[in-house]
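Peer 1: Dropping a structure here in structure tokens format, bear with me for questions.
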Amino acid sequence: MASWIIQMTVMVLSVFTSSSQGKRDKEIYCSACKAIVDELNYSISQVDPKKTVNVGGFRLNPDGTMKDKKVPLARSETHLSELLDGVCSSMSDYALHVDPHSQHRGYMRFAPRSSGATGDFPDFKNFQFDGPEASNALKFACESVVEELEDEIISLFSQDTEHVHQELCNTASDYCKDSRHTNQEL
């Protein structure tokens, strides 16, 4: 009798646990993934390419020499980790954008960059500003993506991989697997 009660309890708990897991909104998570790539590419482009950082074990070899390696600062793991810590704070600069031709919905940057030209303002007619709730949802999705894919993000950016949007958002994760999101750039 006691084993039957335990089995029923486990079955009921498993049903509630599986049904309580929320579905991820593909639109938000795909947009967050692409926004992360866009923001990191911009931040990396702002670093002086002449700056380097020493990496290595900083141990002396038996002959008294030290083996270290100079890596560009912009692509170093340390710098990329620092960028990842603050990348989601810029999600308030994004809003829901509806393409007037295809009706494709996705989050796009509406705010100009601080060092950008004054002429790079987008057409605000196609943006939907839903208040802070929308940017909070995008920020939460961004933080989730960074937490789940931190190692992959650092690996792709440190290797200077081409088509990082494709590699990260489609291959390393399934956030943009849907063909509507595949070739969209921010």
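Peer 1: Ignoring any ligand, DNA or RNA, what whole percent of the accessible area of the range 39-99 comes from carbon and sulfur when the probe is 1.4 angstrom? Show your work: numbers first, answer last.
Peer 2: Details: 1980 of 3850 Å².
Carbon and sulfur atoms account for 51 percent of the accessible area of the range 39-99.
Peer 1: Additional query: When ligands, DNA and RNA are left out and all protein chains stay put, how many square angstrom of accessible area per residue does the range 27-182 have with a 1.4 Å probe? Please list the in-between numbers first.
Peer 2: On the way: 9110 Å² over 156 residues.
Accessible area per residue, the range 27-182: 58 Å².
Peer 1: Excluding residues fewer than 8 places away in the same chain, name every one of the aspartates and glutamates whose C-alpha is closer than 19 Å to that of LYS69.
Peer 2: Output for LYS69: ASP48, GLU77, ASP160.
Peer 1: Which Cα, out of SER89, PRO112, VAL55, lies furthest along the positive dipole direction of the range 42-157 (beta carbon charges, K/R +1, D/E -1)?
Peer 2: Selected residue: VAL55.
Peer 1: Assign unit charges at the C-beta atoms only (+1 for Lys and Arg, -1 for Asp and Glu), then state the dipole size of the range 67-108 relative to its Cα centre in Debye, rounded to the nearest 20.
Peer 2: Computed charge dipole of the range 67-108: roughly 260 debye.
Peer 1: If packing is taken as the average number of other Cβ atoms within 10 Å across a peptide's residues, how do 24-34, 104-114, 46-56 rank, most packed first? Don't skip to the end; give the middle numbers.
Peer 2: Working: 24-34: 21.7, 104-114: 16.1, 46-56: 11.7.
Ranking the peptides 24-34, 104-114, 46-56 by packing returns 24-34, 104-114, 46-56.
The values are calculated or read from the model by the stated rules, or taken from the named source; none is laboratory data. What you see is a predicted model, and the numbers here were worked out from it, not measured in a lab. Using ideal geometry, Cβ is built from the backbone for each residue, glycine included, and neighbour counts are taken over all protein chains shown. Just so you know, the surface numbers come from the protein's heavy atoms only, side chains and all, with ligands and any DNA or RNA stripped out. Shrake-Rupley method; radii C 1.70, N 1.55, O 1.52, S 1.80 Å.
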